[in-house]
Amino acid sequence: MLDLIQYLEHAVSAGASDLFFVAGGPVSVKLEGHIRPVADDKLLPPDTKELISQIYALAQRPMDQYEQTGDDDFSFAVSGLARFRVNAYKQRNSLAAVVRVVSFDIPQWERIHIPSQVMDLADTPHGLILFTGTAGSGKSTTQACLIDRINRTRDCHIITLEDPIEFLHRNQRSIVSQREIAIDTVDYLSALRACLRQAPDVILLGEMRDPETIRTAITAAETGHTIIATLHTNGAVNSIDRIIDSFSSSHQAQMRVQLATVLQTVVSQQMVPDKNGNMIPAFEVMHINNAIRSMIRDNKNHQINNAITAGRSEGMITMDQSLLNLYRQGHITRDTALLYAEHPEQLQRQL
């Protein structure tokens, strides 16, 4: 019998980010961005079915939805080991799963190289803060560190809406209510509308997926709440474009005005390999000043990158400047900086 717990223990002890159960190949882990097999034997469809059945048993979760739809997203914990986020799916008429390893403890932000200007967002009294980046770019970890800072330093009610819950927060100075989509509530929009009646000060919104959720989040930010939300986009300008373009042309002008009013900061991040083969985050940080508010209102988003470059004294930093700093600090190589740069020709001149 294949032992799921042994595979989970191996993933945690190796420091892997993900564990793969897919028929046709061996059980594998993702370690520092590279796929590594755990065993020599290839999994057959009955093997993946057995392993995934064990996952559902550990999570005490029925398999009905998974068997009907072919997709399921949930999390579970193993006492003394770690929390795990699971995406179970079907492929080639067999069961498969990717298991993300989530530490019980929220990491110390200094150790994982989150800059202080990101952590200082914990003091934002109201408005919209966006965290953007592709899947696996570390957004959830950065947000967890920020929520932890708020929890430890402010007296407020924090509500998180997540799909699924990854990091667990214990009440410190704040009260933290964590709601999991599809378990504690129906969907993001319903949960967001409901939580506005739950005396929140800070709302963490796992993802802004549709115009109605975006509109409700912006309205909540207008009424004095701090909204911390996620978008799967690269860069501040693309994030603003994504929000505006999700609305019909007749509503875009109004949304530009509202967004320019409530948006406080956009943090965009990506993971890059350091000299030791570990992954390290690089950040773009855009704080909204009067000039950028005018650019958003007047649909002059193409000018925003220049404003970020000029706003260094206000704590802003471009992605390329972040990569340049990592290179100068000896964390990454010159080639890595150029490979992940938004404007490699300009960065090469600076290097």
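Does residue 128 satisfy being crowded, with 20+ Cβ neighbours inside 10 Å, part of a strand (DSSP E or B) and in contact (Cβ under 8 Å) with a residue 60 or more places away in the chain? Yes, satisfied. Kindly indicate whether any position in region 221-231 is within 25 Å of residue 318 (Cβ to Cβ) and in contact with a Lys or Arg (Cβ under 9 Å, 6 or more places away or on another chain). The answer is yes, given that some residue of region 221-231 is within 25 Å of residue 318 (Cβ to Cβ) and in contact with a Lys or Arg (Cβ under 9 Å, 6 or more places away or on another chain).
Yes/no matrix, rows are residues, columns are (1) in the same structural domain as residue 241 (by TED's automatic domain parsing); (2) surrounded by fewer than 16 Cβ atoms within 10 Å (Cβ to Cβ); (3) assigned to a loop (DSSP other than H, G, I, E, B):
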position: 65; (1), (2), (3): no, yes, no
position: 74; (1), (2), (3): no, no, no
position: 142; (1), (2), (3): yes, no, no
position: 158; (1), (2), (3): yes, no, no
position: 161; (1), (2), (3): yes, no, no
position: 166; (1), (2), (3): yes, no, yes
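From the list 178, 198, the lone residue that is on the phi < 0 side of the Ramachandran plot, in a strand (DSSP E or B) and either surrounded by fewer than 22 Cβ atoms within 10 Å (Cβ to Cβ) or not assigned by TED's automatic domain parsing to the domain that holds residue 251 (or both) is 178.
Within region 219-233, the set of residues being touching an Asp or Glu at 6+ places or on another chain (Cβ under 9 Å), of a type outside the set (Ser, Thr, Tyr) and either without any contact (Cβ under 8 Å) to a residue 40 or more places away in the chain or buried (at least 19 other Cβ atoms within 10 Å of the Cβ) (or both) comprises 225, 229, 231. Just to be sure before I move on: is residue 99 of a type outside the set (Asp, Glu), at pLDDT below 95, touching a strand residue (DSSP E or B) at 6+ places or on another chain (Cβ under 7 Å) and surrounded by 15 or more Cβ atoms within 10 Å (Cβ to Cβ) in the structure I sent? Taking the combined requirement at face value, the residue does not satisfy it. Within region 101-125, the set of residues being closer than 17 Å to residue 5 by Cβ and either under 16 Å from the mean Cα position of the chain (by Cα) or not aromatic (Phe, Trp, Tyr) (or both) comprises 101, 102.
The values are calculated or read from the model by the stated rules, or taken from the named source; none is laboratory data. Keep in mind that what you see is a predicted model, and the values were worked out from it rather than measured. A quick note on method: Cβ atoms are made from the backbone with ideal geometry, for glycine too, and the neighbour counts reach across all protein chains shown.
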